[in-house]
Amino acid sequence: MSDELELKRWTRKEYDLLIERGVFDTTDRIELIDGQLVVAEPQAGYHYNAITLVVHALAEAFGAGWWVRSQGPIALDDVSEPEPDVAVVRGNVREYGRDHPADPVLVVEVTLTSHTMDRRYKSSLYARAGRPEYWIVNLADRVVEVRRDPRASPAAPYGWDYADVRVVRPGERVAPLAAPDRTLAIDDLFPW
């Protein structure tokens with residue numbers, strides 16, 4: 001007999017079926033991460049306000065032809081349907097019909113306490129899915145960690161991570177890869 005626990009791994013299709021059948025409701029903060037159901041970080045007022053500021057700044061930077069989604073699921077792969085705080089996708093809401101977007105050009109997580117989850121696990125997950133750019137808006141340290149260039153990384157939880165990680169501080173600016181001519185002031189992303 002094995003001492004290891006056997007875990008049920010979920011596919012995105014199974015997870016979506018659980019949602020459709022009402023197993024989870026809007027108060028359940030659950031994400032599907034690499035086949036496992038993970039509880040998301042709770043949100044204080046400043047956390048949500050920071051998300052709103054990021055959405056507004058990115059919507060202005062990207063403009064028409066882009067949908068800046070807030071806290072919506074993305075169909076990352078067959079076993080992952082995370083709900084990043086912000087994701088930027090091509091097009092608009094009507095172009096997706098009944099499906100979640102699968103190909104965001106930028107994913108953003110706002111964090112106060114979930115640094116390990118966002119830096120280690122979600123970074124590896126988004127890199128594995130080939131997302132070109134991932135930002136962590138770190139409220140505790142008041143910096144934005146800009147992650148680019150997804151590459152295989154055997155030490156990472158899902159075998160991939162970002163090769164280029166840059167910390168952008170207050171007073172500095174950053175331009176998204178998909179909108180390189182539009183820079184955002186880091187100070188505009190923080191509620192204080």
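Throughout, read-outs are computed from the coordinates displayed, never taken from laboratory work. Keep in mind that what you see is a predicted model, and the values were worked out from it rather than measured.
Would you mind computing the Rg to Rh ratio of the range 1-99 from its alpha-carbon coordinates, Kirkwood style for Rh?
In the range 1-99, Rg relative to Rh is 1.05.
Amide H to amide H under 5 Å from A102: which residues, 5+ apart in sequence or cross-chain, H placed 1.01 Å off N in plane?
Close amide H contacts, sequence-distant or interchain: A75.
Given the Cα-Cα distance of R151 and K13 and 0.36 nm per residue of separation, how much length would full extension add, in nm?
47.0 nm
Based on C-alpha coordinates, I'd like the Rg and Dmax of the chain, in Å.
In order Rg, Dmax, the Cα atoms of the chain give 16.6, 60 Å.
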